[in-house]
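Following: one structure in C-alpha cells, then a few remarks.
The values are calculated or read from the model by the stated rules, or taken from the named source; none is laboratory data. Here the structure is a predicted model, which is why all the values come from computation and not from measurement. Here Cβ is always computed from backbone atoms with ideal geometry, including for glycine, and neighbour counts include all displayed protein chains.
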Amino acid sequence: MTEQRVAVVTGASRGVGKGIALALGAAGYVVYVTGRSTGDRVTFPVLGGTVEESARAVTAAGGTGVAVACDHTDDRQTAALFERVRDERGGLDLLVNNVWGGYASYHEDRPADMQGPFWEQPLRVWDDMFTSGVRAHYAATVLAVPVLRAGALVVTVSFFPGSYLNGTDQVAYSVAKAADDRMVAVTAAQLTARDVTAVALYPGLVRTESVLRAAEFFDLSNSESPEFVGRAVAALAADPDVRRHTGRCVVAAELAEVYGFTDVDGSRPSSIRPHFTDPVS
C-alpha cells in the first residue's frame with residue numbers, strides 16, 4: 001500500500017485555502033489544515049469557517065484531515081506545526097503558503113481603509129498584507145525546509161502584481177504580491193539543491209465566502225471555485241516533472257489547459273492574465 005503524501009495548507013479554514021485542502025483530500029493526501037479560526041473562536045464571524053470543519057471535509061473527500069490552530073504571525077506556533085508534522089509523519093511533501101490577512105479591512109466592515117489613494121489609507125493596511133501575508137509565507141517556508149522531503153513542492157498563492165498601473169491598483173497589495181513572487185524565485189534557486197520545487201500560483205476571481213458576500217460588485221461569469229485552485233495545486237504536485245516550473249509564476253486557469261482538469265461544475269475558466277508592462281521585471 002502506498003503511503004499517503006503529506007501536505008500543509010496554511011490559512012485553510014475557508015476560501016482558497018479550504019478549496020486547496022479539499023482538492024488534496026480528494027487526491028488522497030494527509031492534509032494539515034491550519035488557521036486561527038476554531039470551533040471556540042472564529043476570526044471573522046461574517047465569513048464563518050474553522051480548521052475543524054475544513055479538516056472534516058478533507059476526510060470526507062477521501063483524504064485525512066488534521067486540524068491545527070495556528071497563528072502564522074507567531075513563529076513559535078509555526079515552528080511547532082512543522083515539528084508536529086515531522087514527529088507524526090516523518091516529513092512533508094507539499095507546503096501551500098495561502099494564509100492571508102490582507103483583507104481584514106473588508107472582513108471587519110472597514111472597506112474605507114482600502115479605498116482612495118495610498119497616502120489616505122491607514123498604515124495598518126500595509127502591515128495586514130505583509131505581516132500575515134508575505135512574512136508569514138517566508139516564515140513557513142523557512143521553518144518547513146528541514147521537514148521537506150526530496151521531491152517536495154512549495155506553492156505560494158499570489159496574484160498578478162501591478163495589474164493595471166493606471167492609478168487604480170491597491171499599492172500595498174501589489175507590492176505584497178510582487179514580494180511573494182520574488183521570494184519564490186529566489187528561494188526556488190536555493191531549494192534546487194535539496195530537490196524541492198517552489199512556484200507562485202495565481203488564481204483568477206475566486207468565489208470565496210468574501211467574494212460571494214459582495215457578489216453584486218463582481219462579474220462572476222469567468223470566476224473559479226476554491227476547489228479549482230486546489231485542483232491546480234494537486235495537478236502540479238502529481239507532475240513528475242514539476243521541477244520545470246520552479247521559480248515561476250503559474251496561472252491556475254492556464255494549468256487547467258496543460259493538465260486537463262476542470263472546475264467542479266465541469267467548466268474551464270479562462271485566464272484573466274492582464275496585459276501590462278511590469279517595470280520591476
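Observations on the structure shown:
- Scanning segment 1-37 for residues that are surrounded by fewer than 24 Cβ atoms within 10 Å (Cβ to Cβ), free of Cβ contacts under 8 Å to residues at least 40 places away in the same chain and touching a strand residue (DSSP E or B) at 6+ places or on another chain (Cβ under 9 Å) turns up 28, 36, 37.
- The listed residues are 132, 105, and the only one of them that is closer than 26 Å to residue 200 by Cα, free of Cβ contacts under 8 Å to residues at least 24 places away in the same chain and either of a type outside the set (A, V, I, L, M) or not in a helix (DSSP H, G or I) (or both) turns out to be 105.
- Selection of first residues in segment 49-76 that are farther than 15 Å from residue 28 by Cα and of second residues that are aromatic (Phe, Trp, Tyr), restricted to Cβ pairs under 6 Å at least 6 apart or on distinct chains, gives the following pairs, ordered by first then second residue: 68/32.
- Considering segment 135-165, and only residues there that are at pLDDT below 95 and not hydrophobic (A, V, I, L, M, F, W, C), the residue that is farthest from residue 200 (Cα to Cα) turns out to be 164.
- Residues of segment 1-21 classified as over 13 Å from the mean Cα position of the chain (by Cα) and either among the basic types (Lys, Arg) or at pLDDT 95 or above (or both), total: 2
- Just one residue in the set 247, 230, 204 is at pLDDT 95 or above and in a loop (DSSP other than H, G, I, E, B); that residue is 247.
- With respect to the conditions (1) touching a strand residue (DSSP E or B) at 6+ places or on another chain (Cβ under 8 Å); (2) polar (S, T, N, Q); (3) modelled with pLDDT of 95 or more, residue 78 lacks only one, and its number is (1).
- Among the criteria (1) in contact (Cβ under 8 Å) with a residue 60 or more places away in the chain; (2) surrounded by 16 or more Cβ atoms within 10 Å (Cβ to Cβ); (3) within 21 Å of residue 237 (Cβ to Cβ); (4) in contact with a strand residue (DSSP E or B) (Cβ under 8 Å, 6 or more places away or on another chain), the one residue 159 does not fulfil is (1).
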